Amino acid sequence: MQKKLLGRWGVFAVAATLAASVVTGCGSDSEDAASTAEGTIGIAYSLGGRDVPGFNQLAYIGVEPLLAENPNLELIESQDNPTATDDQRAERLRLMAQKGANPIVVVGFTYAAALGKVAPEFPDTTWGIVDDSSVTAPNVHSIVFKEEEGSYLVGVAAALKSTSGNVGFIGGVNTPLIAKFEAGFIAGAKAVNAKIKVQSTYISNFPDFSGFNDPAKGYEAAKGMFENGADVVYAAAGGTGTGLHKAASELKKWSIGVDADEATYPAHADYVSTILTSMLKRVDVGVGAFVKDALAGNPTAGVKTWGVAEGGVGYTTTGGYIDDITSKIDEYSAKIASGEVVVPTDPKA
Amino acid sequence: MKKDRIFWGTVAPLAAVVSSLLLVSIILILRGANPIEIFQVMISYGFDPRNLVSELNQTVAYYLAGVAAAIGFKMLLFNIGIDGQYRMGAFFGAVVGAAVSLPPVLHVLLIIITAMLAGGLWAAIAGYLKVRRGVSEVISNIMLNFIAAAIIAFLLGEELLGILPEGSQNVQTRPIPLSGQMPTFKMFNGEVYSFLFVAIFVGIAYWIMLNKTVFGFNLRATGLSFRAARSSGVNAPGMIFITTVLSGAIAGLVGLGTLLSDTHSYSMAFPSGFAFTGLSLALLGRNHPVGIFFAAFLWSFLERAAPVLEYEGVPPEIVIVMQGTIVLSIVIAYEVVARINLRQQQRAVGKANVDLVKESK
């Protein structure tokens with residue numbers, strides 16, 4: 001199934017393109033300490049585990065170079081399942097800590113309540129949680145992103161490339177987190193063309209998280225938008241995005257990917273000619289920096305927000321389809337970084 | 001006769017579990033793992049006292065889902081809508097519980113009744129469609145599951161009933177105040193939800209209702225033969241409707257253990273998938289309140305042991321394979337047992353006939 005979209009080779013392909021920036025991205029002076037690090041890193045994935053391209057996989061890609069450099073470093077992994085309660089998730093984290101993993105990366109906000117319970121039980125373990133900043137404990141580091149800023153930039157790209165004045169947004173699951181992507185995309189598109197029409201849809205409602213891994217529905221949704229006049233569509237929907245890319249390549253329209261550079265996914269090889277760009281959410285950078293600092297003995301607690309200014313979100317230029325407009329996009333990027341433009345997080349605002 | 005039934009009723013599930021273990025062993029050996037070692041790890045982890053408590057809490061939820069499915073099965077109804085009914089129950093229980101302020105016991109009772117009403121009314125839609133319009137309850141319930149999810153997603157919007165705590169991405173209902181929470185009690189270093197007693201009560205009530213009341217008799221009669229029941233004066237369509245509602249009301253309780261004793265609010269982190277679990281457990285437990293309990297415990301034990309397998313180099317999905325083969329084997333085992341019983345009966349009847357003929361000569 002789609003789960004296996006990006007096999008082992010895909011991991012390396014994406015890793016190769018991102019690895020360099022992981023090393024430079026964290027820019028800490030703990031390099032020497034980390035290169036002799038030993039111990040066990042734990043990653044608790046959200047639904048789907050490491051094989052789900054994008055979000056989950058990026059957490060793995062974030063620690064992969066560290067594992068390659070340090071033969072004494074081990075990785076243990078665990079993944080959530082859809083029938084799990086907070087109590088079971090807590091037990092999953094507890095088990096990981098008992099197995100001696102430190103630091104432990106927890107991927108996804110559904111773990112927040114569980115982590116809130118478990119973190120105080122293991123005060124000597126350093127925990128990092130992606131996409132949540134509600135857990136406050138001295139040993140918890142929150143890795144959160146300004147998804148709206150990266151989405152704003154691809155919204156700018158979409159509006160600049162659109163000739164019909166009509167673009168689309170496909171969200172995977174209707175949650176406040178994905179709404180940030182939508183809000184940023186709309187704001188970016190409107191910044192370029194105040195009259196632009198933005199079609200918007202979501203694939204599923206929680207608790208049905210299938211919207212993050214349903215290429216068939218992604219295809220139908222995208223096709224509908226293209227037939228409705230859109231000529232650029234952005235999907236913040238994990239594996240569902242593959243359906244968008246397929247529809248775009250069939251109808252010769254543009255598609256925009258999310259999280260990682262979707263044009264480098266092996267499963268997207270047939271669609272690269274119509275993948276305009278991808279919005280990058282550098283979970284790998286955030287996780288890599290956190291793990292490296294923790295291994296070097298300088299764990300940081302509190303919230304680390306990765307926006308445009310921090311290099312935590314951005315866009316890709318693979319294929320060269322937006323080379324003519326990158327200077328314009330970068331102008332907006334600079335405005336966001338300087339605080340001149342504040343991107344909304346609520347699509348209705 | 002009765003002894004026989006208990007004997008075969010126990011042998012069949014055991015045979016199913018054993019054959020599933022054999023099948024899983026083969027898979028494990030093919031993967032190069034030692035099945036005995038893997039089972040040992042599962043058992044030692046699963047019977048760790050702290051995990052036992054956790055399994056017990058999960059068993060409560062699965063048990064209620066199993067009983068809800070069993071009530072339906074008795075009427076030959078396939079209640080695949082347990083998921084939606086559970087969700088409606090937990091959500092509206094949480095909303096009402098957070099909105100009012102009542103003395104402790106009354107507050108909890110109100111939440112429980114609300115949840116049962118919400119689950120029951122949601123199931124009533126499928127019941128009505130089945131009785132009045134002849135719509136298969138399977139189809140309508142699958143649709144209703146989606147609709148329930150969508151309605152709750154809508155109502156959980158921030159401007160309506162949901163809140164988003166600072167820094168969190170997990171939309172949830174307002175927390176239920178202390179008076180509406182159910183205590184936990186300490187056992188083996190863990191916290192057991194006192195909702196356990198509600199589940200026990202439901203199990204006993206289910207047994208009494210089914211075996212000791214006219215209603216239960218009518219229910220079983222209608223389930224065995226709709227026409228026969230109808231011609232003997234039972235309001236069969238009415239029975240189908242009431243059974244559906246009853247099944248939904250029990251399903252509405254599924255999430256309350258977690259809600260009342262742990263999270264105190266309904267959120268996106270609430271699990272899904274109770275319908276298939278409930279149906280499997282009712283099947284495995286032969287719709288018997290005690291049988292379903294053991295099945296529910298087995299299920300939560302297996303699920304509990306899944307994470308530890310990841311550290312043994314075994315994919316945790318092996319647990320799902322195990323559950324799947326248990327269900328498959330149980331169906332086969334019951335069929336085999338039913339045929340053995342049938343043959344014995346035929347033989348007994350045949351012998352009686354022969355004796356009768358001899359006597360008359």
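Quick notes on this one:
- Computed E for A:Glu38/A:Ala137 - FRET, C-beta separation, R0 22 angstrom, nearest 0.05: 0.30
- Over the protein assembly as shown, the reciprocal of the mean inverse Cα-Cα separation, the Kirkwood hydrodynamic radius, stands at 27.4 Å.
- Helix axis angle, B:195-212 relative to chain B longest principal axis, alpha carbon, degrees: 30 degrees
- Computed from point charges on the beta carbon alone (+1 for Lys and Arg, -1 for Asp and Glu), the dipole magnitude for region A:123-165 about its Cα centre is near 260 Debye.
- Take region B:50-312 with all the other protein chains still there, run a 1.4 Å probe, and you get 40 Å² of accessible area per residue.
- Of all aspartates and glutamates in the structure, those lying under 13 Å Cα to Cα from A:Lys146, and not within fewer than 8 positions of it along the same chain, are A:Asp131, A:Asp132, A:Glu182, A:Asp259, A:Glu310, A:Asp346.
- Other-chain or far-sequence residues with amide H under 5 Å of A:Gly168's (modelled H): A:Gln199, A:Val232, A:Val233, A:Tyr234
- B:Met143 versus B:Ser360: modelled label distance in nm, points set 7 Å from Cα along the beta carbon direction: 5.7 nm
- Per residue, the protein assembly as shown reaches -19000 deg cm²/dmol at 222 nm when only DSSP H runs of four or more residues are counted, each adding -39500 (n - 2.57).
- Screening chain A for whole DSSP H helices with an alpha carbon extent of at least 24 angstrom along the helix axis and a mean Kyte-Doolittle hydropathy of at least 0.5 yields A:8-26, A:176-192.
- Loop-located chymotrypsin sites (Phe, Trp or Tyr not before Pro) in region B:1-87, at most 13 other Cβ atoms within 10 Å (DSSP): B:Phe47
- In terms of Cα atoms, the Rg and Dmax of region B:50-312 work out to 18.5, 63 Å.
- Between the C-alpha center of region B:93-126 and that of region A:301-319 there is a gap of 45 Å.
- Length-normalised contact order of chain B in % [C-alpha pairs under 8 Å, at least 6 apart]: 33 percent
- Protein heavy-atom accessible area occluded, B/A pair - total, 1.4 Å probe, Å²: 3100 Å²
- Between helix B:35-46 and chain B: long-axis angle, C-alpha atoms, 0 to 90°, nearest 10: 50 degrees
- Inter-chain shielding of B:307-313 (mean C-beta neighbours from other protein chains, 10 Å cut-off): 5
- Set of lysines near A:Lys223 by C-alpha distance (under 21 Å), chain-local residues within fewer than 8 positions excluded: A:Lys161, A:Lys197, A:Lys246, A:Lys252, A:Lys253
- Relative to the longest principal axis of the Cα atoms of chain B, helix B:49-74 runs at roughly 60 degrees.
- Computed magnitude of the charge dipole of region A:265-349 (debye, nearest 20; Cβ of K, R +1, Cβ of D, E -1): 280 debye
- About its Cα centre, region B:50-312 has a charge dipole of approximately 1220 debye under the convention of +1 per Lys or Arg Cβ and -1 per Asp or Glu Cβ, with nothing else charged.
- Close amide-amide hydrogen proximity is noted between A:Ser142 and A:Ile129, A:Gly302, A:Val303, A:Lys304, each under 5 Å apart and 5 or more residues distant or on a separate chain (H modeled in the peptide plane; Pro and chain starts excluded).
- Each residue of region A:302-318 was assigned a 3J(HN,Hα) from its phi angle through the Karplus expression (A = 6.51, B = -1.76, C = 1.60, θ = phi - 60°), giving x, 9, 10, 9, 9, x, 4, 4, 8, x, x, 9, x, 8, 10, 10, 3 Hz with x at Gly and Pro.
- For region B:50-312, with +1 on Lys and Arg beta carbons and -1 on Asp and Glu, the positive-most of B:Trp299, B:Ile176, B:Phe73 along the dipole: B:Phe73
- The protein assembly as shown, accessible surface, carbon-and-sulfur percent (1.4 angstrom probe): 62 percent
- Listing of region A:102-124 residues, each with accessible area lower by at least 50 Å² in the full protein assembly than in the chain alone (probe 1.4 Å): A:Phe109
- Centre separation in Å (Cα based) which lies between region B:272-306 and region B:132-146: 24 Å
- For region A:119-181 versus region B:239-261, the spacing of their alpha-carbon centroids is 37 Å.
The values are calculated or read from the model by the stated rules, or taken from the named source; none is laboratory data. Note that the structure is predicted; figures quoted are calculated from it, not measured. In this analysis, Cβ positions are derived from the backbone assuming ideal geometry, glycine residues included, and neighbour counts consider all displayed protein chains. The accessibility values were calculated without ligands, DNA or RNA, using every heavy atom of the protein model including side chains. Shrake-Rupley method; radii C 1.70, N 1.55, O 1.52, S 1.80 Å.
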